[in-house]
1. With only alpha-carbon pairs counted, each pair once and no self-pairs, how large is the Kirkwood hydrodynamic radius of the chain in angstroms?
2. So how strong a dipole does the range 95-137 carry about its Cα centre when Lys and Arg Cβ are +1 and Asp and Glu Cβ are -1, to the nearest 20 debye?
3. Per 0.36 nm of contour for each residue apart, how much would the distance between LYS246 and LYS294 grow if the chain were fully extended, relative to their Cα-Cα spacing?
4. Would you mind checking which residues have amide H under 5 Å from GLU193's amide H? H placed 1.01 Å from N; only 5 or more apart, or other chain.
5. State the extension gain, in nm to one decimal, for the chain segment bounded by ASP377 and ALA482, taking 0.36 nm per residue of separation less the distance between their alpha-carbons.
6. What is the helix-to-structure angle for 203-216, meaning the angle in degrees between its Cα long axis and the longest Cα principal axis of the chain, kept from 0 to 90 and rounded to the nearest 10?
7. Mind checking the full-extension length gain between VAL63 and LEU202? Use 0.36 nm per residue of separation minus the Cα-Cα distance, one decimal, nm.
8. Do any trypsin sites (Lys or Arg not before Pro) in the range 441-508 lie in a loop, going by DSSP, with at most 11 other beta-carbon atoms within 10 Å of their beta carbon, and if so which?
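Every number here is computed from the coordinates shown, using simple stated rules; none is lab data. Every value quoted in this text rests on a predicted model; they were computed, and no experiment measured them. Please note: Cβ atoms are built from the backbone with ideal geometry, for glycine as well, and neighbour counts cover all protein chains shown.
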Amino acid sequence: MKKLIVLLGILVCANGFAQQNAVITLHPEDANTQISKHVYGHFAEHLGSCIYGGLWVGEDSPVPNTNGYRTDVINALKELHIPNLRWPGGCFADEYHWMDGIGPREKRPKMVNNNWGGVVEDNSFGTHEFLNLCELLGCEPYVSGNVGSGTVEELAKWVEYMTSDGDSPMANLRRQNGREKPWKVKYLGIGNESWGCGGDMLPEFYADQYRRYSVYCRNFDNNKLFKIASGASDYDYHWTDVLMNKIGNKMNGLSLHYYTIKDWHQKGSATDFSGDDYYWTLGKSLEIEEVIQKHTAIMDTYDPKKNIGLMVDEWGTWFDVEPGTNPGFLFQQNTLRDAMVAALTLNIFNKYTGRIQMTNIAQVVNVLQSMILTKDDKMLLTPTYFVFKMYAVHQDATAIPLNLVCETKKIREKDVPVVSASASQKDGKIHISLTNLDLKSAQDVTIQLSGMKASQVSGQILTAKTVTDHNTFDNPNVLKPADFKGAKLKKDELTLQLPAHSIVVLEL
């Protein structure tokens, strides 16, 4: 094996013998960037049972609810301190016409959800329901506008409807529909996946469309929009180059989508997989770092001061749907493997705080790598949920750069570190998140604190007997965090043994 040195997210391999211990050195003297809380954002699309049955059941449902929102789901999401929620898509956004989703619910027109299963969408969850949900959760709404099949006028009027406090037609229409004061809406996506389901556009054409739409999406009263352009899918660096060149500082953010997916036709089971499948998936998820580096390098050429944020507003695992479910609903289970992907990915995001301003895991309930699964009146929390809960301590904390020397494994023809880490400080506390992706071997970890004084250490661990373990509606507590008491503090050094396939977050 090789020793691997990680410094500020840059991997440098050095020849040498296999090292059994992982050594981490923190560099608080170089801590000068903040991990935005919006890196821990979420995504809710009109897809399967994410909205209907997941977030929304209606006021008359036998499922316990708060003004139509599932009470159990709302309470669980509040525990995550969700910073933002993206809606209504996804591909659905570019077929969504917002005026169909306002006014009395019984009078709202229906539509066919062509992207996701061909089911009838009754529009009972619309603008008011979404923005009121964000207020209930205490999070920022991120609204994706329809560029693919919509018009400039339509999106401009939606912004006015949501955010204007004046005596204007759309503001008065909102008042007629029961909302006197406007909402605060900061994040606005100008289209979604415009290279694909959002219109099959070329980057030059989309850049012109963005410039046109952006002009008419105005700031009303005290509401200031943060406008996000529809960016690339994973390895499409040309798209990023064209948009940075032709749009430049007319956008506040540029999106990026990256899914951990093996094959679009045979994605593999979410729960029945081999050790090789496990390592392949983790290796694929880690490749997002190289993708971020390459898109960032292009952005740096045009925007060296990093004024434009990179918004990874769709990411996560994508497997075959669960047997017997609608293939268009993308309902998949969630194992310890998914939790490992989440932890590894968030560790990477924490390193690139200078450019990454937001990310959104896909999706929040019942779809792909979700936080929560529901079935009728039952609810369970997934392993990924617990990663987000453990990692919430990094939100708005100052990132601490680190060096990491550890063993590597050959995965997807690359030397991959078996240990991943990120660290931050806030309110007099230091938090260190660690993962050991090795299926069989524990890792002895030494953390050099570089003169930082720590009086005590505590922690939590998430692991299981096997990486295929997952929570079910009949047995919802197979995986959940436990106290971790294996860390020992001695002067300027912290030592611990990181169990195989485990995730640990320490607090000093």
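1. Details: mean 1/r = 0.0426 Å⁻¹.
It is 23.5 Å.
2. 120
3. Details: separation 48, 0.36 × 48 = 17.28 nm, distance 1.87 nm.
Between LYS246 and LYS294, full extension yields 15.4 nm more.
4. Residues meeting the amide H criterion: GLY231.
5. Details: separation 105, 0.36 × 105 = 37.80 nm, distance 2.66 nm.
Working it through step by step, the gained length comes to 35.1 nm.
6. The angle comes out near 60 degrees.
7. Values: separation 139, 0.36 × 139 = 50.04 nm, distance 4.56 nm.
Computed gain between VAL63 and LEU202 is 45.5 nm.
8. Answer by residue number: LYS453, LYS465, LYS485, LYS491.
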